[in-house]
Amino acid sequence: MKIAISKNKNLILFGAAILLMLVCILVSAYIIATRHKIPACSAITTSVNYTQAGKIETTLRVSLVPSGWGKLNIMLDGQVTQGTEKYTVSRLLIAEYQYQSDHYYVKVQKTIRNSRDNAQSEEANRVMPGAVKNRFVKIERIDDSSFMFADNNAPLFVCTKNH
């Protein structure tokens with residue numbers, strides 16, 4: 001009788017230890033999976049660039065939408081003005097990212113232009129976000145709903161979390 005009780009205790013302790021290890025593994029996996037994830041957020045950016053072709057003004061709404069493990073969709077909608085020409089921008093950048101040493105390495109895989117995107121000027125396209133296919137970006141939390149995106153040179157934009 002004592003042997004049967006002892007075996008049952010051992011089985012219960014063994015089962016509890018396995019259950020505890022499984023819970024620890026699941027919690028660790030969740031923390032790792034969500035810790036270095038780019039937030040879903042959007043921002044309005046305005047920039048002025050001076051090129052050989054002249055002054056190029058860009059106003060864009062940038063929306064970041066994580067789309068899976070290490071994947072990101074970047075939606076760009078807005079307007080580019082080059083001299084007297086005005087262009088509409090409406091495109092989707094499909095990117096992958098990896099977290100490396102306090103920075104995110106973002107690599108644009110594909111650019112999909114919406115039918116209303118008529119930005120044909122090579123100079124205007126060159127100064128737009130996404131023209132640089134590979135970029136290191138640092139993301140710093142400002143508060144619960146705001147994040148600053150910066151590269152090595154300067155802040156790129158402040159992004160507000162989508163609710």
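Derivation of every value follows stated rules applied to the coordinates shown; laboratory data play no part. Values in this document were obtained by computation on a predicted structure and should not be read as measured data. Glycine gets a Cβ as well: all are built from the backbone with ideal geometry, and neighbour counts include every protein chain shown.
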> Put +1 on the Cβ of each Lys and Arg and -1 on the Cβ of each Asp and Glu in the chain; which of PHE136, TRP69, SER115 then has its Cα farthest toward the positive end of the dipole?
Replying inline: TRP69
> Against the longest principal axis of the chain, how steep is helix 2-35, in degrees 0 to 90 to the nearest 10, with axes from Cα atoms?
Replying inline: 10
>> Nearest 500 deg cm²/dmol is fine: what mean residue ellipticity at 222 nm does the chain get from its DSSP H runs of n ≥ 4 alone, each adding -39,500 (n - 2.57), divided by its residue count?
In response: -8000 deg cm²/dmol
> Taking a Cβ-Cβ separation under 4.7 Å as the criterion for a possible partner, which cysteines of the chain have none?
Replying inline: CYS24
> Between ASN114 and residues 5 or more places away or on another chain, which pairs have amide H atoms under 5 Å apart, with H built 1.01 Å from N, and which residues are they?
Replying inline: SER90, ARG91, LEU92
> Which entry in (i) 0.97; (ii) 1.01; (iii) 1.58 is this structure's computed Cα Rg over 2.2 N^0.38 Å?
Replying inline: (iii)
> What pairs in LYS55/LYS110; LYS133/LYS161; LYS86/LYS110; LYS37/LYS107; LYS71/LYS110; LYS138/LYS161 have C-alpha atoms more than 19 Å from each other?
Replying inline: LYS55/LYS110; LYS133/LYS161; LYS86/LYS110
